[in-house]
């Protein structure tokens, strides 16, 4: 038995598929199957039951899976401790970021990581929640920031921040009662039922902000007037700036938009759509010391970045 065979087996057993495991490991499926078969021959037991739907661990496979996870974790810990012995925390940390937050925290997070973990490798991936959940399950991400994730025993979740969605509009596009106030006067909040009647530019399902907005408007018996579906924050805000419609997003999405001063931001009420930003990691793999330090850095950077927009 060698570590490569053990790693291959753990991936197939956890993902329930040779195809998905081959993609996650970036190896050819025949090579993956051959290594696991060699492992079964060596241990003189079938470790996986292959069927049309994938691969399921046998009783022997379940036993090896538990041992395998622990062994691979101990190897990672040993590598880290050897790195620490020469004065450095080493290892690789992969973090998934949502597009709405990536532009705001990528630079400060990278700086903090290099200062605190100069000998470790940081990998940042930008994507939507549904994609990042799959990446967490497959082991391609160590942790990710997700909006309003479903609860699962496979995922450890820590809520970092609750963010109100706001109405973002081009100044001349606000009708009558919603028009921008005169200089020196505070902008009033807008009722959600009035927002629902505006031409809205929203991400397509299953975007977390879109689903939250639909849920809240359904609760008050309203239906959204969707002018366009655009999966890209810069695209949405550019269209709002040109007067094609309005957006409903967290206020911090304007942080790195070049023409944010041309847009008007209004809070919402009755009800206030509130999104939870959550730090998620898989419970299947114990966190290494490097990952624990990275997680604390991520929390610190996120809270510092979003605080001015709360």
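The values are calculated or read from the model by the stated rules, or taken from the named source; none is laboratory data. Predicted, not measured: the structure shown is a model, and the values here were computed from it. Cβ coordinates were reconstructed from backbone atoms using ideal geometry, including for glycine residues, and neighbour counts include every protein chain displayed.
Details
- Considering region 42-63, and only residues there that are out of contact with any helix residue (DSSP H, G or I) (no Cβ under 9 Å at 6 or more places or on another chain) and assigned to a helix (DSSP H, G or I), the residue that is nearest to residue 286 (Cα to Cα) turns out to be 63.
- Pairs with Cβ under 6 Å, 6+ apart, first in region 255-278 and farther than 21 Å from residue 105 by Cβ, second in a loop (DSSP other than H, G, I, E, B): 264/180; 266/187; 267/189; 269/189
- Filtered by the rule that a residue be surrounded by fewer than 20 Cβ atoms within 10 Å (Cβ to Cβ) and modelled with pLDDT of 90 or more, region 137-148 gives a lone residue, 148.
- Matching residues, region 142-153, being in contact (Cβ under 8 Å) with a residue 60 or more places away in the chain and either under 14 Å from residue 278 (Cβ atoms) or assigned by TED's automatic domain parsing to the domain that holds residue 13 (or both): 143, 144, 145, 146, 147, 148, 149
- Residue in region 125-136 that is assigned to a strand (DSSP E or B), out of contact with any helix residue (DSSP H, G or I) (no Cβ under 8 Å at 6 or more places or on another chain) and modelled with pLDDT of 85 or more present: no
- Residue in region 64-79 that is exposed (fewer than 15 other Cβ atoms within 10 Å of the Cβ), at pLDDT 90 or above, part of a helix (DSSP H, G or I) and not assigned by TED's automatic domain parsing to the domain that holds residue 93 present: no
- Reported count of residues in region 23-42, each being over 13 Å from residue 139 (Cβ atoms) and either exposed (fewer than 15 other Cβ atoms within 10 Å of the Cβ) or without any contact (Cβ under 8 Å) to a residue 24 or more places away in the chain (or both), is 12.
- Index of the failed condition, residue 106 passing every other in (1) part of a helix (DSSP H, G or I); (2) in the same structural domain as residue 300 (by TED's automatic domain parsing); (3) touching a helix residue (DSSP H, G or I) at 6+ places or on another chain (Cβ under 9 Å): (3)
- The set of residues in region 205-241 being farther than 25 Å from residue 171 by Cα, outside any helix (DSSP H, G or I) and in contact (Cβ under 8 Å) with a residue 24 or more places away in the chain consists of 206, 207, 220.
- The set of residues in region 80-103 being assigned to a helix (DSSP H, G or I) and modelled with pLDDT under 85 consists of 80, 81, 82, 83, 84, 85.
- Unmet requirement for residue 245, which otherwise passes all of (1) surrounded by fewer than 18 Cβ atoms within 10 Å (Cβ to Cβ); (2) at positive phi: (1)
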